[in-house]
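The values are calculated or read from the model by the stated rules, or taken from the named source; none is laboratory data. Keep in mind it's a predicted model, so treat the numbers as computed, not measured. FYI the Cβ positions are ideal-geometry reconstructions off the backbone, even for glycines, and counts take in every protein chain you see. The protein model used for the area step is the full one, side chains on, heavy atoms only, and it has no ligands, DNA or RNA in it. Shrake-Rupley method; radii C 1.70, N 1.55, O 1.52, S 1.80 Å.
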Amino acid sequence: MKKVIILGCTGSIGKSAIDVIKSMPGDFKVTALSAHSNEEELLNQAKILDVKKMALTGKKPVDGSITYYSPNGLLDMIADVGADIVVNGVAGADGLLPSVTSLKTGKNLALANKETVVMAGSLITDIASQNNKKIIPVDSEHSAIFQLLEGKKKEDIDEIIITASGGAFRDLPVSELKNVKLEDAIKHPNWSMGTKITIDSSSMANKGLEVIEAYLLFNIPLSKIKVLIHPQSMVHSMIRTAEGSLYAQISKPDMRVPIQNALTWPDVGPSLFGRLDLAGVSLTFQAPDLEKYRMLKLAYTAAELGQGSSIAYNAANEIAVDAFVNRKIDFLGIPNIVEHTIEKLGFKGIDTIEDIVEADNRTRIFVKEILGNI
């Protein structure tokens, strides 16, 4: 029986992970849970799963049974509680230090927090290697790549192709983007996700982060990483080998599948959430319009410039999206702010996790100053 810690248990990833675990009784035991501020739901899940160790990171808990609180309290909980694997469903840059702590305290990492790799790059993969632990991607795209690359030599890989739904504005002319509202941006056509990730899907910032993550996690040249819009969200990623063959991972658009694959790795579990029947199904693909999806183009630029620019890309996007949610800027303000930030900020000599945190903080201060002048 694997022992599991679930971080971000009240979000979409956390809830899906709990769904998988409840569907496989006897295979897993949840030893700790964390949430940001939804104390009631955290306590409810802990009761159902018989979990005694809980952390609340966004506020001081009212209930005395929650003994860990604040971001540092979460790190203490991860270090104190025994587990074989940690599911990191924390949103944004806040997920970095929990990932580091998980690996350093001898736990495999089921990673849904793409910012961990975008910000830390080779540092996080080195930490995993030094502690003889594995980073197992949970995002459907990177989970697919992880599976497709198993047993393949890196020199035999000609391309990695990451698929994208195209988000809420997939069929909207680029000229209309100046008129879109928050309510439009959070209507994802295929997935049910949180507000921030849904907006990132609409701008394709999420795909930009995934390109950077694939580049750093799988150590594949940036020039070999492509993106295709695939409206059906059934082909989650593909690889092309040197002689031209394409290999695809295809399944229903259900996040519980990659989460199950991460939890059961290196084994394969039973089919719990239905099989995809391709009879009568049409699968279509198209190249993304980089004028429409500027955040995707900017991600390639950031990755080419180096780790500091990738950190700036992520932090600037987080602050800009928050400003959009709070109706301080329009939708096109997001790529405008991110582009300006990448152009103005350059971080050198990022050698430690502390350097990463400092660069992230400096970027956020810079962007907030921009927003303060708007």
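Under the condition of being assigned to a helix (DSSP H, G or I) and in contact (Cβ under 8 Å) with a residue 24 or more places away in the chain, which residue from region 49-74 is surrounded by the fewest Cβ atoms within 10 Å (Cβ to Cβ)?
Taking the candidates together, the pick is 71.
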I'd like the full set of residues that are touching a Leu at 6+ places or on another chain (Cβ under 7 Å), over 24 Å from residue 14 (Cα atoms) and either among the charged types (D, E, K, R) or assigned to a loop (DSSP other than H, G, I, E, B) (or both), limited to region 146-205. 169, 178
Residue list for region 293-331, restricted to those being closer than 23 Å to residue 171 by Cα and among the small types (Gly, Ala, Ser): 299
Please note which helices (runs of 4 or more DSSP H) are completely contained in region 275-374 and include at least 2 residues that are over 23 Å from the mean Cα position of the chain (by Cα) and free of Cβ contacts under 8 Å to residues at least 40 places away in the same chain. 333-344, 353-372
Checking the structure you have, find out if any residue of region 208-220 is among the acidic types (Asp, Glu), open to solvent by less than 50 Å² (accessible area, probe 1.4 Å) and either out of contact with any Cys (no Cβ under 8 Å at 6 or more places or on another chain) or touching a residue at least 24 places away in the same chain (Cβ under 8 Å) (or both). yes
In region 265-317, what residues are in contact with a Phe, Trp or Tyr (Cβ under 7 Å, 6 or more places away or on another chain) and more than 27 Å from residue 115 (Cβ to Cβ)? none
Condition first: open to solvent by 30 Å² or more (accessible area, probe 1.4 Å), of a type outside the set (Gly, Ala, Ser) and more than 20 Å from residue 246 (Cβ to Cβ). Can you find one or more residues in region 140-156 that meet it? no
Within the set of pairs 6+ apart or on separate chains, which have a first residue in region 171-184 that is more than 17 Å from residue 289 (Cα to Cα), a second that is modelled with pLDDT under 90, and C-beta atoms under 8 Å apart? 184/168
Does residue 46 satisfy the criteria of being modelled with pLDDT of 95 or more, in a loop (DSSP other than H, G, I, E, B) and either among the basic types (Lys, Arg) or buried (at least 16 other Cβ atoms within 10 Å of the Cβ) (or both)? no
Among (1) modelled with pLDDT under 90; (2) of a type in the set (A, V, I, L, M); (3) more than 24 Å from residue 147 (Cβ to Cβ) - the single one residue 199 does not satisfy: (1)
Reported set for region 21-42 where residues are in a helix (DSSP H, G or I) and either charged (D, E, K, R) or surrounded by fewer than 20 Cβ atoms within 10 Å (Cβ to Cβ) (or both) is 22, 23, 39, 40, 41
Would you pick out the residues in region 338-354 that are open to solvent by less than 60 Å² (accessible area, probe 1.4 Å) and not small (Gly, Ala, Ser)? 338, 341, 342, 345, 347, 350, 352, 353
Out of all the residues in region 185-205, which are free of Cβ contacts under 8 Å to residues at least 24 places away in the same chain and either open to solvent by less than 50 Å² (accessible area, probe 1.4 Å) or not aliphatic (A, V, I, L, M) (or both)? 187, 188
What residue, among those in region 116-139 that are polar (S, T, N, Q) and either in a strand (DSSP E or B) or open to solvent by 20 Å² or more (accessible area, probe 1.4 Å) (or both), is nearest to residue 310 (Cα to Cα)? 122
It is to be established whether one or more residues within region 277-286 are open to solvent by less than 70 Å² (accessible area, probe 1.4 Å), more than 23 Å from residue 168 (Cβ to Cβ) and of a type in the set (D, E, K, R). no
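Identify all residues within region 75-91 that are touching a Lys or Arg at 6+ places or on another chain (Cβ under 7 Å) and either closer than 22 Å to residue 209 by Cα or open to solvent by less than 10 Å² (accessible area, probe 1.4 Å) (or both); write none if there are none.
As a first pass, look at region 75-91 and keep what is touching a Lys or Arg at 6+ places or on another chain (Cβ under 7 Å): 77, 81-86, 91.
Scanning region 75-91 gives 77, 85, 86, 91.
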Options 105, 101; residue that is open to solvent by 20 Å² or more (accessible area, probe 1.4 Å), over 30 Å from residue 207 (Cα atoms), of a type in the set (S, T, N, Q) and touching a residue at least 24 places away in the same chain (Cβ under 8 Å): 105
